[in-house]
Amino acid sequence: MNTVTLIRGDGIGPEITEAAITVVEAAGANIKWEEVSAGENALEEYDTPVPRQAIDSLKRNGVGLKGPLTTPVGSGFRSVNVALRKELDLYANLRPAKTYPGIATPFEDVDLVVVRENTEDLYAGVEHMVGDDAAESIKIITRKASERICHFAFHYAQNDNRKKVTAVHKANIMKLTDGLFLETARRVAEEYPDIEFEDRIVDNMAMQLVLKPWQFDVMVMPNLYGDILSDLCAGLVGGLGIVPGANIGEATALFEPVHGSAPKYAGQNRANPAAMIMAAVLMLGYIGENEPARKIEAALAELIAEGKAVTPDLGGSAGTSEMAKALAELVS
Ligand code: NAI
């Protein structure tokens, strides 16, 4: 039996986490939860939004499921989520984006995965003022980080039966930084002859994704392009309501919905739990609980297509807990 660290999170986090627990348990997954706090709700007890106890639990169990976290103003953290990723060296951000019948989208049959490098690039926030009227931000790309993210993308493609990896870059302009990323991607690709490889310049990639998304499969890219294109892909499949994400390192993987804590809906039993439930599906796949994962994803697709026992943003009139109950019935 796997022990999974559970962080309920802030805002709508507790409600959507409860929904995910209900569905995962109904599907018969062989796991045990170890609950810890992080985020705004942890401040009172631990005096920090990133308590040692949460980090230790994640390190010990190697896998976690978390609700969205609010970064408290004045806590000294730019982002609690980024702090967690740094502390655990979760270097790969994985964002699958898939269409489901019943959610209005510009295209049908989109099934894409963005693999984003999580630790460097302009996103590392190394910036400073140069006098009063100029500011500089430093873009860092290393061979080591590029290699491990590219290997991650190819491994993922192999394990998920995918056919192609596209490296995304701007090496025509940033010849040294993105050039190093591209050169590394090309070299790593040679080790995976069973997976097709191509590269695209990021601006062209953005256009191609909104014109013909089905050209692509797994995409791997540095941090900032990944930040932007993964949201573009979420938009292609109907927005943040259903999209899960994973942050994965050598020893630990943390699964979460892509959306935030939506404070305006907190405690109202109307938040859409689908992205959190899909995060649990990804987590179950990661630990080898494939049958419960498959059952939950199929049930969610069925419920969304039917459009009744789903939350208002998915066109239904159910509350968070009613949607969870309907799913639990379908999977048990
Ligand atoms: P948000 O994703 O919480 O909300 C954006 C919009 O989508 C809002 O209108 C919200 O009500 C709606 N929404 C989001 N999730 C929903 C759901 N499951 N069901 C129904 N409606 C939903 O983003 P926002 O407002 O920028 O951030 C709010 C807080 O969340 C901030 O403190 C931010 O730092 C945090 N955040 C945390 C993330 C994480 O833990 N991974 C990711 C993004 C934001």
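Where a number appears in this text, it was derived from the coordinates with a stated rule and is not lab data. Small disclaimer: the values here were computed from a predicted structure and weren't measured. Ideal geometry is used to build each Cβ from the backbone, glycine not excepted, and the neighbour counts take in all protein chains shown.
A Förster distance of 25 Å, applied to the separation of the beta-carbon atoms of HIS151 and LEU176, puts the FRET efficiency at 0.70. Under 16 Å of direct C-alpha separation, and excluding same-chain neighbours fewer than eight residues apart, LYS32 reaches these aspartates and glutamates: GLU18, GLU289. Placing unit charges on the Cβ atoms only, positive for Lys and Arg and negative for Asp and Glu, gives the chain a dipole magnitude near 300 debye about its Cα centre.
Excluding same-chain neighbours fewer than eight residues apart, the lysines reachable from LYS212 by a Cα-Cα span under 19 Å are LYS98, LYS163, LYS164. By how many degrees, 0 to 90 and rounded to 10, does the Cα axis of helix 202-211 deviate from the longest principal axis of the chain? For helix 202-211, the angle is close to 40 degrees. Between the helical axis of 52-61 and the dominant principal axis of the chain, each derived from Cα atoms, what acute angle in degrees is found, rounded to the nearest 10? Long axis of 52-61 versus the principal axis of the chain: about 90 degrees. Of the peptides 92-105, 298-311, the order by per-residue mean of other Cβ atoms within 10 Å, starting with the highest, comes out as 92-105, 298-311.
Each Cα pair under 8 Å and six or more residues apart adds its sequence gap; the mean of these over the residue count of segment 68-198 is a relative contact order of 17 percent. Working from the Cα coordinates of the chain, the gyration tensor eigenvalues give, after taking √(5λ), semi-axes of 31, 25, 19 Å in decreasing order.
Please state the shape class of segment 1-114: rounded when a/c is under 1.5, otherwise prolate if a/b exceeds b/c and oblate if not, all from the C-alpha gyration tensor. It is prolate, given that a/c is not under 1.5 and a/b is the larger ratio. As I understand it, the value is the acute angle between the Cα axis of helix 143-159 and the longest principal axis of the Cα atoms of the chain; what does it come to in degrees, rounded to 10? Taking Cα atoms only, the helix is inclined about 50 degrees. Classification of segment 140-258 by its C-alpha gyration tensor yields a rounded form. The axis ratio a/c (a ≥ b ≥ c) stays under 1.5.
Among MET221, MET1, a tally of other beta-carbon atoms within 10 Å of each Cβ gives an order, fewest to most, of MET1, MET221.
Summarising the amide proton neighbourhood of VAL220: residues at separation of 5 or more, or on other chains, whose placed amide H is nearer than 5 Å comprise VAL115, THR166, ALA167, VAL168.
A full extension of the chain between ALA251 and GLU291 corresponds to an added length of 12.0 nm, given 0.36 nm per residue minus the alpha carbon distance. Cross-link partners for LYS170 among the lysines, with Cα-Cα distance under 16 Å and sequence neighbours closer than 8 places in the same chain left out: LYS139. For the pair segment 145-175 / segment 78-93, the C-alpha centres are spaced 20 Å from each other.
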